[in-house]
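Data block below; observations after.
The values are calculated or read from the model by the stated rules, or taken from the named source; none is laboratory data. Because the structure is predicted, anything quoted here is derived from the model rather than measured. Neighbour counts are summed over all protein chains in view; Cβ atoms, including those assigned to glycine, are modelled from backbone coordinates with ideal geometry. Keep in mind that these areas ignore ligands, DNA and RNA; they rest on the heavy atoms of the full protein, side chains included. Shrake-Rupley method; radii C 1.70, N 1.55, O 1.52, S 1.80 Å.
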Amino acid sequence: MPCVIASWSYGLIRDTGAILLDMNPDRELADKLRKAVEAEGDRLDDLHLWRVGPGHLAAILSVATSEPRDPIYYRNRLACFSRSCLT
């Protein structure tokens, strides 16, 4: 019985450790987000990307820009990511 509990505990720690340590779940997606934001001269200062469910990610971005831009501008730039057109 202790072996079963130890095996289960190890699997639980392995699967949730990255989430608890705020690890980036998808480096490729983070790079694509950075390129999309920085394509027109803006700078992505901070990006937090985390898994919110199976196959679903959420992000918070901090952007530095030399031009005043409305949040809708960035929503439109990143709309492709919510439609799963990341090929």
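The table for this structure:
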{"quantity": "Selected residue [at pLDDT 90 or above, in contact with a strand residue (DSSP E or B) (Cβ under 7 Å, 6 or more places away or on another chain) and aliphatic (A, V, I, L, M)] from L49, L57, L44", "calculated": "L44"}
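Yes/no matrix, rows are residues, columns are (1) at pLDDT 90 or above; (2) of a type in the set (K, R); (3) open to solvent by 50 Å² or more (accessible area, probe 1.4 Å); (4) in a helix (DSSP H, G or I):
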| residue | (1), (2), (3), (4) |
| --- | --- |
| D15 | no, no, yes, yes |
| N24 | no, no, yes, no |
| R34 | yes, yes, yes, yes |
| P68 | no, no, yes, no |
| S84 | no, no, yes, no |
